[in-house]
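Input: a single structure, listed below in C-alpha cells.
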Amino acid sequence: MLSAIISLIALPYAPNALEPVISRETIEYHYGKHLQTYVDNLNKLVVGTEFEAMPLEEIVAKSQGAIFNNAGQILNHNLYFTQFKPVTPNPSPVTPNQLPIFKAIARDFGSFEAFQTEFEQKGTTLFGSGWVWLAADKDGKLVITQEPNAGNPVTKGLKPLLTMDVWEHAYYIDYRNRRAAHLHSLWQIINWDEINRRYTE
C-alpha cells in the first residue's frame, strides 16, 4: 500500500459556506475531485525520487514536468481554498484598514481599488488556463503575476499571498464562460486576515 506524503487539506468551512459566490457543487468537484486527483497523482509520481521527502513548496520550486504540474496545482489549490471565509448576509464592501497588507497595497498600487482593477484585468486576460497572484518579493514589495497552467510565484523567488484560479473548472458550473464575473465576485469571500498573515509571517 502506498503511503502518501501529501494529504488533501481540510477545508476551513462547510462545502456550502461560500454560496452563492462558489456553489457547493463547484466545491465538490473542484476540491473533492480535481484537487484530490492532483494529490493522488503526486504521491505516485514522487515514490523513489529525490522529491519523496520534500515539503510541497520545495517540490514546486525544484521540479519539472508531471511532478511540477501536480505539486504546483496542489500548492495553488491549498492557498486558494484556505484564503476564503464564509459568505455573510448583506456583506459590506472591503474597507481597507490598518493591516500591513492594506498599507502595502496602497503603497504599491496607489489604492485598493486600483489593485482590484489590475488584479481582475490580469485574471481576465490570462490566455487559457492558469492563475493570477498577488505576491511579495523579499523586501515586501507587492506584485501581480500571471502564471499559466500550474505556475506559482515561488518559482520566481516570490511569496504567494492571494490567488484567483482561472482554470474553467473553478467557475464553469456557476458562471459558465463569464470569467470576469467570477473573479469580481470572489472579493466578497476573501479572508484578509489570512492574506495579511501570509504577508507578515
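Assorted remarks:
- Exposure check, 1.4 Å probe, all protein chains in place: ASP174 carries approximately 50 Å² of accessible surface.
- Point-to-point label distance, LYS156-TRP187, nm (Cα→Cβ direction, 7 Å offset): 2.2
- Comparing THR125, PRO89, LEU162 along the charge dipole axis of segment 74-167, the residue lying farthest to the positive side is LEU162, per the Cβ-charge model.
- Candidate cross-link partners of LYS156 among the lysines, defined by an alpha-carbon separation under 16 Å and a same-chain spacing of 8 or more, comprise LYS62, LYS138, LYS141.
- In a DSSP loop and with at most 12 other Cβ atoms within 10 Å, the chymotrypsin sites (Phe, Trp or Tyr not before Pro) in segment 109-166 are PHE127.
- Euclidean distance of C-alpha centroids, segment 6-57 and segment 137-191, integer Å: 16
- Helix 36-45 vs. the chain, principal-axis angle (Cα, 0 to 90°, nearest 10): 40
- Reciprocal mean inverse distance between Cα atoms of the chain - Kirkwood radius, Å: 17.5
- Point-to-point label distance, SER129-THR200, nm (Cα→Cβ direction, 7 Å offset): 3.7
- Within the accessible area of the chain (1.4 Å probe), percent carbon and sulfur: 53
- Eigenvalues of the alpha-carbon gyration tensor of segment 101-201, scaled by 5 and square-rooted, set the equivalent ellipsoid semi-axes at 22, 15, 12 angstrom, largest first.
- Mean Cβ neighbour count within 10 Å, used as a protection proxy, ranking 137-146, 68-77, 33-42 highest first: 68-77, 33-42, 137-146
- Solvent-accessible surface of the chain, taken per residue with a 1.4 Å probe and all protein chains present: 49 Å².
- Calculated FRET value between HIS34 and VAL143, using beta carbons and R₀ = 25 Å, to 0.05: 0.40
The values are calculated or read from the model by the stated rules, or taken from the named source; none is laboratory data. Keep in mind that this is a model prediction, so the values were computed, not measured. Backbone-built Cβ (ideal geometry, glycine too); neighbour counts: all protein chains shown. Ligands, DNA and RNA are excluded from the accessible area calculation, which covers all protein heavy atoms including side chains. Shrake-Rupley method; radii C 1.70, N 1.55, O 1.52, S 1.80 Å.
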